[in-house]
Amino acid sequence: MEFFILSLLALAGASLPLVITYLLLSRAAAVRRLQHIPGPAWAAWTSLWLVRRHLRGRIARDLAEISKQHGPIWRITPNQVIISDPLEVRRVWQARGPCPVETVLSLRDNAAHGALRAKLLPGYSGRDVDNLRSVVDRRIADFVALIERKYLSTDKDFRPMDLAEKTQFLTLDIISDLAIGHCFACLHEDRDTYGQITFVTGSLPLITVMASVPGSLALLQNPVARALLPKDKVDGVMRMQALAKQNAATCYGLEKVVARDMLGSFVAHGLSYPSAWLETFGQIGAGTDTTAMAIRMTMFYLMSSPPSYQQLQSELDIAVGRGQVPSPITESEAKQLPYLQAVIKEGMRMWPPVMGLMPKVCDTEQMVCGKRIPPGTDVCWDAISVMRNKEVFGEDAGCFRPDRTMEQIQGLCFGTASRWECLGKTIALLELDKVLVELFRRFDFSLVNPMTPSSTYDASLSIQSDMWVRIQKRQVR
């Protein structure tokens, strides 16, 4: 036995140099594969360069700064390049372009992806959903009621509100009501009732860091690794998952419920029970933080830009005086307010709700930004550089100026010009239309701490907190 063990140790010792040599040669080959693409030296050898940027909590802003050094295309990992040219991003994302998508949330197979999308689109677009607009209206009314109940300030009474938190309460209440037929009542109770926000803020940084290292996400499926996750951050997710399963189950079987809501639309178009509950469960994560980010950051830029703020309120006041803005406002009526629509587009241009790398991969060699991209390479986008590109938006591209419109480029926030355009686009824009009108017609908003308006951690989605605002009742002239 002792001889056997010694033999194994000797074999391992003899093999170690060969293993190390093989790993070094493999990595050197990977480095040479994209050596014609500029970028930080360490990024060519290891994903840890990108991991470090994620851990700093400002990944999108860091990438935008480094893009200024390396130009429209550069290397961020051994197998990933990032591009900051808006027109090239649009070309890469085109519906009939050569690069099929490869993301965690979608299928690579075009046919399978198209078939699933066809089943989901009628529900997401609202065509099959009778209660879509009424749900949004009720939840926005809850938001207004919360402000009037707890957060209205006067000359003698100061009641600041964390806009970052409350916008998440709003969007979580809307999507939970729409997706699983059970409103979480965050606005009514003024708290994170199901722990969704706690889960996202606690787990998203870890997940995005792990996504930067090939194969590491598989560790999350390991029972031991999952057991180590903080229990308070998991309980809420398990409760939401149970609700999604329970709600979906009512639409299947002999005594199934037939309804013209989002779940009913999915079922009517042929989704199986596992797909239906997973889709409704996924909506809670996908449709909460992104829309909340769009609402709060649009409001932030308005509060930081007095001329734009005043112009929007003037448009609303004139429309209200003419009887063109009922409460709640309808979708078609909101579309007749041109400056409101410009404000929404500009807000998402200045701070795209999703700043993740959004990698695309192609099975054949392509030319991107004038560089040869070998097959199998991930091509990512640099969201801030794309949306603040001076050649497209002008020298003041870093300023909030709603009277500029470049819809084809601004639409990249939703993956527009792609067959993978965000399915939740209709709902997100509906929420933005309605909530901005209802808030700015009723209240005046100002930042409590203009020099440090909020705390922001960039992790594909931006985790924000402490965006304190002062709210006063408006007297419409």
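The values are calculated or read from the model by the stated rules, or taken from the named source; none is laboratory data. Since the model is a prediction, treat every value here as computed from it, not as a measurement. So basically every Cβ, Gly included, is an ideal-geometry build from the backbone, and we count neighbours across all protein chains shown. Each accessible area value is taken on the protein alone, full model and side chains, heavy atoms only, with ligands, DNA and RNA left out. Shrake-Rupley method; radii C 1.70, N 1.55, O 1.52, S 1.80 Å.
Consider segment 425-477. How many of its residues are part of a strand (DSSP E or B), open to solvent by 10 Å² or more (accessible area, probe 1.4 Å) and modelled with pLDDT under 95?
Start the filter on segment 425-477 by keeping residues that are part of a strand (DSSP E or B), which leaves 443-447, 455-459, 461-465, 468-473.
Narrowing the set further to residues that are open to solvent by 10 Å² or more (accessible area, probe 1.4 Å) leaves 444-447, 455-457, 461-465, 468, 470, 472-473.
So of that shortlist, the ones also modelled with pLDDT under 95 come out as 455-457, 461-465.
Total meeting the criteria: 8.
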- Determine which single condition Thr298 fails, assuming it passes every other condition in (1) surrounded by fewer than 21 Cβ atoms within 10 Å (Cβ to Cβ); (2) under 28 Å from Cys183 (Cα atoms); (3) touching a Phe, Trp or Tyr at 6+ places or on another chain (Cβ under 9 Å). (1)
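Any idea how many residues of segment 75-97 are of a type in the set (A, V, I, L, M, F, W, C) and surrounded by fewer than 23 Cβ atoms within 10 Å (Cβ to Cβ)?
Going through segment 75-97, the residues of a type in the set (A, V, I, L, M, F, W, C) turn out to be 76, 81-83, 87, 89, 92-93, 95.
Filter again for surrounded by fewer than 23 Cβ atoms within 10 Å (Cβ to Cβ), leaving 87, 93, 95.
Residues meeting the conditions: 3.
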- Message: Can you say whether Val343 is buried (at least 22 other Cβ atoms within 10 Å of the Cβ) and touching a strand residue (DSSP E or B) at 6+ places or on another chain (Cβ under 9 Å), as far as the supplied structure shows?
- Response: no
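Quick check on Gln311: is it in a helix (DSSP H, G or I), open to solvent by 20 Å² or more (accessible area, probe 1.4 Å) and over 28 Å from Ser176 (Cα atoms)?
Working: in a helix (DSSP H, G or I): yes; open to solvent by 20 Å² or more (accessible area, probe 1.4 Å): yes; over 28 Å from Ser176 (Cα atoms): yes.
Yes; evaluated as a whole, the condition is true for this residue.
In segment 262-280, how many residues are aliphatic (A, V, I, L, M) and not in a helix (DSSP H, G or I)?
To start, the set of residues in segment 262-280 that are aliphatic (A, V, I, L, M) comprises 262-263, 267-268, 271, 276, 278.
Of the ones still in play, those that are also not in a helix (DSSP H, G or I) are 271.
Going through segment 262-280 one residue at a time, the tally reaches 1.
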- Of everything in segment 250-264 that's in contact with a helix residue (DSSP H, G or I) (Cβ under 7 Å, 6 or more places away or on another chain) and at pLDDT 85 or above, which residue is surrounded by the most Cβ atoms within 10 Å (Cβ to Cβ)? Cys251
- Message: Residues that are of a type in the set (Asp, Glu), open to solvent by 20 Å² or more (accessible area, probe 1.4 Å) and either at pLDDT 95 or above or under 28 Å from the mean Cα position of the chain (by Cα) (or both): does segment 359-368 have at least one?
- Response: yes
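Inside segment 44-71, can you point out the residues that are touching a Ser or Thr at 6+ places or on another chain (Cβ under 6 Å) and either assigned to a helix (DSSP H, G or I) or of a type in the set (A, V, I, L, M) (or both)? Talk me through it step by step, then tell me what you get.
Within segment 44-71, the first condition is being touching a Ser or Thr at 6+ places or on another chain (Cβ under 6 Å), and the residues that meet it are 47, 50-51, 54, 64, 67.
Residues satisfying the conditions are Leu50, Val51, His54, Ala64, Ser67.
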- Task: Please state which of the following conditions Arg401 fails to meet, knowing it meets all the rest: (1) out of contact with any strand residue (DSSP E or B) (no Cβ under 6 Å at 6 or more places or on another chain); (2) more than 30 Å from Phe440 (Cα to Cα); (3) part of a loop (DSSP other than H, G, I, E, B); (4) open to solvent by 30 Å² or more (accessible area, probe 1.4 Å).
- Result: (2)
- Message: Can you say whether Ile284 is over 30 Å from Gln246 (Cα atoms) and not in a loop (DSSP other than H, G, I, E, B), as far as the supplied structure shows?
- Response: no
- Return the total of residues in segment 184-206 being out of contact with any Asp or Glu (no Cβ under 8 Å at 6 or more places or on another chain) and either in contact (Cβ under 8 Å) with a residue 60 or more places away in the chain or crowded, with 20+ Cβ neighbours inside 10 Å (or both). 7
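Hey, could you check segment 149-183 for residues that are part of a helix (DSSP H, G or I) and without any contact (Cβ under 8 Å) to a residue 60 or more places away in the chain and say which is most open to solvent (accessible area, probe 1.4 Å)?
So the first thing to find is which residues in segment 149-183 are part of a helix (DSSP H, G or I), and the list is 149-150, 163-180.
With without any contact (Cβ under 8 Å) to a residue 60 or more places away in the chain added as a condition, the list becomes 149-150, 166, 169, 173, 177.
Working: Arg149: 118, Lys150: 87, Lys166: 8, Phe169: 2, Asp173: 1, Asp177: 24 Å².
Only one residue fits best here, namely Arg149.
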